[in-house]
1. Would you point out the residue of the range 74-87, among those that are touching a residue at least 40 places away in the same chain (Cβ under 8 Å) and touching a strand residue (DSSP E or B) at 6+ places or on another chain (Cβ under 9 Å), that is farthest from residue 43 (Cα to Cα)?
2. Could you check residue 63 against (1) under 19 Å from residue 15 (Cα atoms); (2) free of Cβ contacts under 8 Å to residues at least 40 places away in the same chain; (3) surrounded by 17 or more Cβ atoms within 10 Å (Cβ to Cβ) and say which number it fails?
3. Output yes when any residue across the range 99-114 is at pLDDT 85 or above and surrounded by 16 or more Cβ atoms within 10 Å (Cβ to Cβ), and no when none is.
4. On the given criteria, is residue 49 surrounded by 16 or more Cβ atoms within 10 Å (Cβ to Cβ), over 16 Å from residue 17 (Cβ atoms), out of contact with any strand residue (DSSP E or B) (no Cβ under 7 Å at 6 or more places or on another chain) and modelled with pLDDT of 90 or more?
5. Consider the range 25-46. How many of its residues are touching a strand residue (DSSP E or B) at 6+ places or on another chain (Cβ under 7 Å) and assigned to a helix (DSSP H, G or I)?
6. Using the structure shown, decide if residue 79 is under 12 Å from the mean Cα position of the chain (by Cα), outside any helix (DSSP H, G or I) and within 23 Å of residue 11 (Cβ to Cβ).
7. Restricting attention to the range 55-74, which residues are closer than 18 Å to residue 23 by Cα and either assigned to a strand (DSSP E or B) or in contact with a helix residue (DSSP H, G or I) (Cβ under 7 Å, 6 or more places away or on another chain) (or both)?
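The values are calculated or read from the model by the stated rules, or taken from the named source; none is laboratory data. All of these numbers come straight from a predicted model, not from anything done at the bench. Note that each Cβ is placed from the backbone with ideal geometry, even for glycine, and that neighbours are counted across all protein chains shown.
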């Protein structure tokens, strides 16, 4: 049981690191990935509880800064790839995300198998 919790935490930690790399070092690629995203945020707060609870998440489970310019870019851009949706499923308890990626997702193979440095 303890090992399962450690594996879950490591998966979510790696997801946070992956998103930061996309947002801060591979912005064009992140924007390309997001261009194939469909749907909308359901404001379920699942992404606000990946690894730890966001300090801006209120007791009503709503983001206190959702419609403000200070909302972190990580939040604004989530999900960047299908892998982010996988991370959300770990936390959601079955609640589906309102986003999905179309079949022509330019990041699908790179995200699943690790992007090369040239991409």
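1. Filtering first and then ranking leaves 81.
2. It fails just one condition, (1).
3. Scanning the range 99-114 turns up at least one residue that is at pLDDT 85 or above and surrounded by 16 or more Cβ atoms within 10 Å (Cβ to Cβ).
4. Details: surrounded by 16 or more Cβ atoms within 10 Å (Cβ to Cβ): yes; over 16 Å from residue 17 (Cβ atoms): yes; out of contact with any strand residue (DSSP E or B) (no Cβ under 7 Å at 6 or more places or on another chain): yes; modelled with pLDDT of 90 or more: yes.
The answer is yes for residue 49.
5. 0
6. Details: under 12 Å from the mean Cα position of the chain (by Cα): yes; outside any helix (DSSP H, G or I): yes; within 23 Å of residue 11 (Cβ to Cβ): yes.
Yes: the conditions hold for residue 79.
7. 73, 74, listed by residue number.
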